[in-house]
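What follows is a single structure, written as structure tokens, with notes after it.
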Amino acid sequence: MKRPEIVALLAFVDRLDPGRAPQSKAAARERLEQWAILLDHVPATAQHPDGPDRSWDASRVAARHIATTPYPIKPSDIGGPWETYRRDVIGRHWDPAPAVDPDDVTAYRAALRRTRQAVAVGQLPPTPQHAIEGRPSPIRAERDAEAARRLAVLGAYVPRTVRDQLAAHRPHRAARERLAAADLPDPLDVECTWCGAIVGQPCRARRINPRTDAIGYRAKAYPHPARVEDAQARHARRQQQEETAA
């Protein structure tokens, strides 16, 4: 974000949480300088390949933090969700060979970085795998590739017998692996608009300590219905795109 965008974001934060706004100009300048340095790589907005409902908006992330946590907002509360968003978008992209001499390693890597950054912020659409293979891919192959990508995102490989024994102790992961292998919509592949849970994290239920009134959260066994519906809609759009491309 450029400095004027940081100024606008901090003004928005102070309107939502005026009790924690800086009480002096010196403190405000110091905070602005800190946020400008730490969020230099984070855009204010970015278009998501799946449509505007999943697009990146730093002010929306800030509002969700203020609405769901009792802690003061920090630059990492914006930078962390951006890295999650960026990994999701870049994970859909297979680097095409840039129009640069491959023997010029520095220029070649710089071209790849520019392309990936353009994809992350929505300036370019992700390049699917079949585009760099130079051959058409049937719908089944596309879905198998997507299932493999989703399984890879979930973590390193373990033998099937070990994985089956661990399933009872990590139900969320076991459920995600089953959905990915079957190419079914996974609610944890999208953010939860109800509780604010980020991609990959289970939905949360708020609880209040009756003695101290402290607010805490616990992981839910099942995702919120709104998250399930969003995942199903995203999955249906992807399948429609694959069928149209085929």
Taking segment 1-42, the equivalent ellipsoid from its C-alpha gyration tensor has semi-axes in Å, biggest first, of 17, 12, 7
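Over segment 182-227, give the accessible area per residue in Å² for a 1.4 Å probe, as an integer.
On the way: 2890 Å² over 46 residues.
Heavy-atom accessible area per residue stands at 63 Å².
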Under Karplus coefficients 6.51, -1.76 and 1.60, residue-wise ³J(HN,Hα) of segment 18-34 in Hz, glycine/proline x: x, x, 10, 5, x, 9, 9, 5, 5, 5, 5, 5, 5, 5, 4, 5, 4
Accessible surface of segment 78-120 [probe 1.4 Å, protein heavy atoms]: carbon and sulfur percent: 53 percent
Please list, ordered by chain and number, the residues whose modelled amide H lies under 5 Å from the amide H of Y217; skip anything fewer than 5 residues away on the same chain. R207
Among 63-71, 203-211, 229-237, how do they line up from the highest to the lowest mean number of other beta-carbon atoms within 10 Å? 229-237, 63-71, 203-211
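R0 = 30 Å: FRET efficiency of R29 with Y71, Cβ-based, nearest 0.05?
Plugging the Cβ-Cβ distance into 1/(1 + (r/R0)^6) gives 0.85.
Roll a 1.4 angstrom probe over the protein heavy atoms and tell me the percent of accessible area of segment 174-218 that is carbon or sulfur.
Working: 1420 of 2710 Å².
So the carbon and sulfur contribution to the accessible surface is 52 percent.
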How large is the convex hull of the Cα atoms of segment 60-132 per residue, expressed in Å³ as a whole number? 98 Å³
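The values are calculated or read from the model by the stated rules, or taken from the named source; none is laboratory data. Remember, predicted model here, so these are calculated numbers, not experimental data. Note: ideal-geometry Cβ built from the backbone for every residue, glycine included; neighbour counts use all protein chains shown. Ligands, DNA and RNA are excluded from the accessible area calculation, which covers all protein heavy atoms including side chains. Shrake-Rupley method; radii C 1.70, N 1.55, O 1.52, S 1.80 Å.
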